[in-house]
Amino acid sequence: MSNGESTSNPNNDSQPHLLYVAWGYPPSRGSGVYRAWATANAFAEAGWRVTVLTVPREIFEMSTGVDLSLEAKIHPSIRIIRVPFRSGAFVNDLRDWSRFRAVAPELWNGFHARRGQKAFPERNYGGWRPVLEDAARKIHAETPVNLTIGTANPNVDFIPGHVLHREHGVPYVMDHRDAWSLDIYSGRRIVDKRSKAGKWEHALVGGATEVWFVNQPIRDWHAEQYPEYADRFLVVENGYDHSLALPRVTVEARPSLVFGYIGTISAAIPMTELVDGWALARERSPLVRDARMDLYGYLNHLGVPGENMVSAMARFAENEIRYLGPVGRADIAATYATFDALVLTFGAGRYITGGKVYEYASTGLPIVSVHDPINETTKTLAQYPGWHGTAAMTPTAIADAFVATAEEAASQTEDDREAARTFATRFSRAAQLSPRISELRGYVTAQDEVVGA
């Protein structure tokens, strides 16, 4: 194990010790990293001794890329343990490939997938299980762990909690950023309950003290699947982080409006529909015709644009749309400050709540939603001042939403923006995590008193 870049915690028996397990932890720049970063920080700020168990930084440096500005915002008291992780899926330098992989990549992929899943039934990640188990035992032996939280995916992150609970009675929390058995886009179950993965999920849920989900539909789906454990299923939404919220900005009369999008531009984003609706709105509204749309974000999770982005970009210039690349967390507030309105768009599905929803709301800017109205986001933002949802994924309906949002942005006052910010405080990360941190501290304290009695 290595923790060269982390700061060690002073020994303090009054501090409960949290072991937080996250494959995707800074400097990862994956979309789920913000929840992991913020949750570990929140426990540290609440007085917990926090140890994060994760992968080497090099995993992200040689595959998905890094966000050093987010890494710089890790709470200074957090101890980071980085343990080896080996998976060919994250080795993209051909010079590091074996001859077997170079000559027969499909055979190589199949061989390594089967070998990894013998340890744990999860493609590309299952082979990490033995390393995680050993690391969890060593951490607990050095400084007894009072609570383990694993955040997924990958689901192998739940293994340390399972091991310490089984061997030492340590309570654990399963934090689902998405879902293991549920395809959040189609709503189908994708893991058979009788399969190895299905049995693992049942066992892990059965031993957990709490299981967290990011929205009510996903929580309710799991409650239907596991009614005997439904009382431990809780909704802990993503929320926005105060340290990243847009500072107060005076509404200025700009010569033209700027619509902005910040987020990963994945293959699921309806780029064709977005451009079609925007182009029609430009025909119908002088405000939109004079406006510009700026898109910021990584292209998919490996930096390669999907077909949706490639085909859409051919129409960008003629419609005043610019793609300006990713934004580091240190620059996020300054980037939001260049916008008059925000574009919220992601894939379809009633189980989806885009992670950017809460950060968008914290700015107080008008928001146009370009996504299937069945998405849970529609309920989340229904009462937000300045939100305009797309009634259907058609050019006409999307154009209607763009025009309404442009009119809102052009007339918004500072009082309007402040009212929207005030409304959005319910979406802060603290509002989501504080009750859970308090409840878990009480639970851990009670457990310790029983053990010491």
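Residue-wise test of (1) touching a strand residue (DSSP E or B) at 6+ places or on another chain (Cβ under 8 Å); (2) modelled with pLDDT of 90 or more; (3) buried (at least 23 other Cβ atoms within 10 Å of the Cβ).
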{"residue": "G328", "(1), (2), (3)": "no, no, no"}
{"residue": "D331", "(1), (2), (3)": "no, no, no"}
{"residue": "T335", "(1), (2), (3)": "yes, yes, no"}
{"residue": "T338", "(1), (2), (3)": "yes, yes, no"}
{"residue": "G347", "(1), (2), (3)": "no, no, no"}
{"residue": "P366", "(1), (2), (3)": "yes, yes, yes"}
{"residue": "T377", "(1), (2), (3)": "yes, no, yes"}
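Identify, please: which residue in the stretch 242-265 is within 19 Å of the chain's Cα centre (by Cα) and surrounded by fewer than 18 Cβ atoms within 10 Å (Cβ to Cβ) and is, among those, modelled with the highest pLDDT?
The residue in question is H242.
Please specify each residue of the stretch 14-54 satisfying the condition of being β-branched (V, I, T), out of contact with any strand residue (DSSP E or B) (no Cβ under 6 Å at 6 or more places or on another chain) and in contact (Cβ under 8 Å) with a residue 60 or more places away in the chain.
Matches in the stretch 14-54: T39 only.
Please verify whether A337 is within 21 Å of P255 (Cα to Cα), of a type in the set (G, A, S) and in contact (Cβ under 8 Å) with a residue 40 or more places away in the chain, treating the condition exactly as stated. Explain how you work it out, then say what you get.
On the way: within 21 Å of P255 (Cα to Cα): yes; of a type in the set (G, A, S): yes; in contact (Cβ under 8 Å) with a residue 40 or more places away in the chain: yes.
It is true that A337 is within 21 Å of P255 (Cα to Cα), of a type in the set (G, A, S) and in contact (Cβ under 8 Å) with a residue 40 or more places away in the chain.
Contact list please: Cβ distance under 7 Å, first residue in the stretch 178-205 and closer than 17 Å to G126 by Cα, second residue in a loop (DSSP other than H, G, I, E, B) and of a type in the set (D, E), pairs at least six apart or on different chains.
What qualifies is G198/D192.
When you go through A22, A38, A72 one by one, which is the residue that is among the small types (G, A, S), under 26 Å from Y240 (Cβ atoms) and modelled with pLDDT of 95 or more? Don't jump to the end; show me each part of the working.
Values: A38 fails: modelled with pLDDT of 95 or more; A72 fails: modelled with pLDDT of 95 or more.
Exactly one of A22, A38, A72 is among the small types (G, A, S), under 26 Å from Y240 (Cβ atoms) and modelled with pLDDT of 95 or more, namely A22.
With a cut-off of at least 2 residues that are surrounded by 23 or more Cβ atoms within 10 Å (Cβ to Cβ) and not assigned by TED's automatic domain parsing to the domain that holds G355, name the helices (runs of 4 or more DSSP H) lying wholly within the stretch 112-228. Steps first, answer last, please.
Details: elements: 129-142, 159-168, 196-207, 216-225.
Where helices (runs of 4 or more DSSP H) fall fully within the stretch 112-228 and carry at least 2 residues being surrounded by 23 or more Cβ atoms within 10 Å (Cβ to Cβ) and not assigned by TED's automatic domain parsing to the domain that holds G355, they are 129-142, 159-168.
Starting from the stretch 378-391, take each residue that is free of Cβ contacts under 8 Å to residues at least 24 places away in the same chain and list its partners that are surrounded by 19 or more Cβ atoms within 10 Å (Cβ to Cβ), counting only C-beta distances under 6 angstrom and pairs at least six apart or across chains.
Once the first residue is free of Cβ contacts under 8 Å to residues at least 24 places away in the same chain and sits in the stretch 378-391, its partners that are surrounded by 19 or more Cβ atoms within 10 Å (Cβ to Cβ) give T378/G389; W387/I367; W387/L381; H388/V368; H388/A401; H388/T405; G389/S369.
Can D290 be described as in contact (Cβ under 8 Å) with a residue 12 or more places away in the chain, surrounded by 15 or more Cβ atoms within 10 Å (Cβ to Cβ) and of a type outside the set (S, T, N, Q)? Lay out the reasoning, then the answer.
Details: in contact (Cβ under 8 Å) with a residue 12 or more places away in the chain: yes; surrounded by 15 or more Cβ atoms within 10 Å (Cβ to Cβ): no; of a type outside the set (S, T, N, Q): yes.
Spelling it out, it is not the case that D290 is in contact (Cβ under 8 Å) with a residue 12 or more places away in the chain, surrounded by 15 or more Cβ atoms within 10 Å (Cβ to Cβ) and of a type outside the set (S, T, N, Q).
If R426 satisfies every condition in (1) surrounded by fewer than 20 Cβ atoms within 10 Å (Cβ to Cβ); (2) in contact with a strand residue (DSSP E or B) (Cβ under 6 Å, 6 or more places away or on another chain) but one, which is the exception?
Only one criterion is unmet by R426, namely (2).
The values are calculated or read from the model by the stated rules, or taken from the named source; none is laboratory data. It should be emphasised that the depicted structure is a prediction, and the values quoted were computed from it without experimental measurement. Reconstructed Cβ throughout: ideal geometry from the backbone, glycine too, with neighbour counts over all protein chains shown.
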